[in-house]
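K.L.:
Got a structure here, written out as structure tokens. Questions coming.
The values are calculated or read from the model by the stated rules, or taken from the named source; none is laboratory data. Computed from a prediction, not measured in an experiment: that's the story for all the values here. Quick reminder, even Gly has a Cβ in these numbers, built from the backbone with ideal geometry, and neighbours come from all protein chains shown. To get the accessible areas, we keep the full protein, side chains included, count just its heavy atoms, and leave off ligands, DNA and RNA. Shrake-Rupley method; radii C 1.70, N 1.55, O 1.52, S 1.80 Å.
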Amino acid sequence: MRRALVLGMLIAFGALAAVKAQPPPPQEPKVLEVGKIKDNLYVLKAAAGGGNTAVFVTADGVVVVDTKYPGWGRPILDKIKELTPKPVTTIINTHTHADHVSGNVEFPASVDVVVHENTKVNMERMAPATGREAQAVPNVFTASGGRGMPKHTFKDTMTLGSGADRIDLYYFGRGHTNGDAFVVFPALRVMHAGDIFARKGPPLLDANNGGSGVAIGDTLAKAHGAIPNVDQIITGHSTEMTWADLKEYSEFNKAFLAWVQLEMKSGKSVDEAAAEYAIPEPYKGYSPNPAQTKSNIGVIYNELKK
Ligand SMILES: [Zn+2]
């Protein structure tokens, strides 16, 4: 009787210990795929990590463009160590979204962070994107005590470095957000466009962060018209594109605006318009995204009503 009780207690204790000793759930490995754009310019991609990260190796150190979702700063730093012994000196964020800025907080506090002036304001709030309110995540910069926040901003243009190391930053107006920076590496004839050109497909028009479906086509056309000598574009989330692809993408967005204006004029609701939309023939091959298209029609209706 007594032995049975003791045995029972031992089994119960053993079961408790087994529960306690259970290892934490395995973290999914954060694997970065390295693409070599030029001898001193790489793109780090990870499907689950967020936006494309550019790594530009200059004489004085490394400039990083966009730092992905929370938890990806350390893997980016580790991958850079495999590419160069030079330290990271600067981060440029193309815009405010959590899948482009969150890794900032894992970089050394000494690293300079440069963004468009509106993006700095947006990063102070880190409001969820239009249509993605349910996916809101905690503000990483509040949790970091401000580490990783911008130290320098620009309004229209800004140049960092010189000669082979020169980087030109441009802002041409509202689009994906109200702070989309075009990041150009003139010596390499390459540009990182961020999410104002994320992929060939409907853009995310993020009105919550100042984005505009009325402006995005013009903003893209201005960039195409004003920025000289670029052959290759690192997109926000897709493969590399050509300079001609940027022009085509501006026209795709202008055509979408013109179509939405007609739908509104003919009295169609957002739902009715969304049900009618198909990617126009000149843009076949673009990825359709019905949910994003519907959100974008709503954003443009709201803008046109004002
Ligand atoms: Zn974005």
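K.L.:
Label D78 and A134 with points 7 Å out from Cα along Cα→Cβ: what is the distance between them in nm?
P.N.:
It works out to 3.3 nm between the two label points.
K.L.:
Can you give me the Kirkwood hydrodynamic radius for the chain, using every pair of distinct Cα atoms, in Å to one decimal?
P.N.:
On the way: mean 1/r = 0.0479 Å⁻¹.
Radius from the Kirkwood sum: 20.9 Å.
K.L.:
Return the calculated 222 nm mean residue ellipticity for the chain, to the nearest 500 deg cm²/dmol, obtained by summing -39500 (n - 2.57) across DSSP H runs with n ≥ 4 and dividing by the residue count. Don't skip to the end; give the middle numbers.
P.N.:
Numbers: 9 runs with 104 residues, N = 306.
Estimated from H runs of four or more residues: -10500 deg cm²/dmol.
K.L.:
Just add up the charged neighbours of E106: K/R +1, D/E -1, any other residue whose Cβ is under 15 Å from the Cβ of E106.
P.N.:
Values: positive: K30, K68, R74, K79, K81, R147; negative: D66, D78, D99.
Overall, the nearby charge balance is +3.
K.L.:
When the dipole is taken about the Cα centre of region 88-154, and only Lys, Arg (+1) and Asp, Glu (-1) are charged at their Cβ, what size is it in debye, to the nearest 20? Walk me through the numbers on the way to the answer.
P.N.:
Values: 5 positive and 6 negative charges, 15 e Å.
So the dipole magnitude of region 88-154 works out to roughly 80 debye.
K.L.:
So what is the relative contact order for the chain, in percent, with contacts set as C-alpha pairs under 8 Å and at least six apart? Walk me through the numbers on the way to the answer.
P.N.:
Values: 567 pairs, mean separation 37.5, N = 306.
Value for the chain: 12 percent.
K.L.:
Okay, moving on. Order these peptides, 107-115, 229-237, by their mean beta-carbon neighbour count within 10 angstrom, highest first. Provide the component values of the computation, followed by the final result.
P.N.:
Working: 107-115: 17.1, 229-237: 19.8.
The packing order, highest mean first, is 229-237, 107-115.
K.L.:
With the calculation restricted to Cα positions, what are the radius of gyration and Dmax of region 178-245 in angstrom?
P.N.:
For region 178-245, the Cα radius of gyration and maximum Cα-Cα distance read 11.7, 36 Å.
K.L.:
Tabulate in residue order the Karplus-calculated ³J(HN,Hα) for region 144-154, using 6.51 cos²θ - 1.76 cosθ + 1.60 with θ = phi - 60°, rounded to whole Hz; enter x for Gly and Pro.
P.N.:
8, x, x, 4, x, 6, x, 9, 9, 10, 9
K.L.:
Among bridges DSSP assigns within region 25-94, what percent are antiparallel (round to 5)? Could the numbers behind the result be given before it?
P.N.:
On the way: 13 of 17 bridges.
Counting only bridges with both partners in region 25-94, antiparallel ones make up about 75 percent.
K.L.:
Then there's this: Roughly how many percent of the accessible protein surface of region 166-243 is carbon and sulfur, given a 1.4 Å probe and a whole-percent answer? Before the final figure, lay out the partial values.
P.N.:
Details: 1040 of 2150 Å².
Here it works out to 48 percent.
K.L.:
Mind putting a number on the dipole of the chain about its Cα centre? Charges go on the C-beta only, +1 for Lys and Arg and -1 for Asp and Glu, and I need it in Debye to the nearest 20. Numbers along the way, then the final one.
P.N.:
Values: 32 positive and 31 negative charges, 199 e Å.
So the magnitude is around 960 debye.
K.L.:
Let me ask something additional. Could you list, bin by bin from short to long, the percent of Cα-Cα pairs of region 171-301 in 10 Å steps?
P.N.:
The calculated distribution, bin by bin, is 13, 46, 31, 9, 1, 0.
K.L.:
Please go through the residue pairs K151/K247; K36/K247; K151/K222; K68/K268; K81/K222 and name each one whose alpha carbons sit more than 29 Å apart in this structure.
P.N.:
Too far apart for the 29 Å limit: K151/K247; K68/K268; K81/K222.
K.L.:
Calculate log10 I(q)/I(0) of region 22-112 for q = 0.17, 0.20, 0.21 Å⁻¹, where I(q) comes from the Debye formula with a single equal point scatterer on each Cα and nothing for solvent.
P.N.:
Here log10 of I(q) over I(0) equals -0.65, -0.89, -0.97.
K.L.:
Can you work out the accessible area per residue across the chain, with the rest of the protein chains kept in place, probe 1.4 Å, in square angstrom? Walk me through the numbers before you get to the answer.
P.N.:
Working: 14770 Å² over 306 residues.
Per residue, the chain has 48 Å² of solvent-accessible surface.
K.L.:
A further question follows. Under 5 Å between amide hydrogens, which residues at least 5 positions from I37 or on another chain qualify, with H placed 1.01 Å from N in the peptide plane?
P.N.:
Y42, V43
K.L.:
Just in region 35-93: which trypsin sites (Lys or Arg not before Pro) are loop by DSSP and have at most 16 other Cβ atoms within 10 Å? Walk me through the numbers before you get to the answer.
P.N.:
On the way: sites: K36, K38, K45, K68, K79, K81; in loops: K68.
Here no trypsin sites (Lys or Arg not before Pro) fit, given the DSSP loop and packing criteria.
K.L.:
Heavy atoms of the protein only, probe of 1.4 Å, neighbouring chains included. What is the accessible area of D60 in Å², nearest 10?
P.N.:
Near enough 130 Å² of accessible area.
K.L.:
If the only charges are +1 at each Lys and Arg Cβ and -1 at each Asp and Glu Cβ, what is the size of the charge dipole of region 41-116 around the Cα centre, to the nearest 20 debye?
P.N.:
On the way: 6 positive and 7 negative charges, 32 e Å.
It works out to roughly 160 debye.
K.L.:
Residue by residue, what Karplus-based ³J(HN,Hα) values in Hz, rounded to whole numbers, does region 168-179 have, using 6.51, -1.76 and 1.60 with θ = phi - 60° and x for Gly and Pro?
P.N.:
Once θ is set to phi - 60°, the couplings for region 168-179 become 10, 9, 10, 10, 10, x, 6, x, 4, 9, 9, x Hz.
K.L.:
So what are the ³J(HN,Hα) numbers for region 73-88, from phi and the Karplus equation (6.51, -1.76, 1.60; θ = phi - 60°), rounded to whole Hz, Gly and Pro as x?
P.N.:
Taking θ as phi minus 60°, the curve returns x, 5, x, 5, 4, 4, 5, 4, 4, 6, 9, 7, x, 6, x, 6 Hz for region 73-88.
K.L.:
Give me the percent of DSSP beta bridges within the chain that run antiparallel, rounded to the nearest 5.
P.N.:
Working: 25 of 40 bridges.
In the chain, approximately 60 percent of DSSP beta bridges are antiparallel ones.
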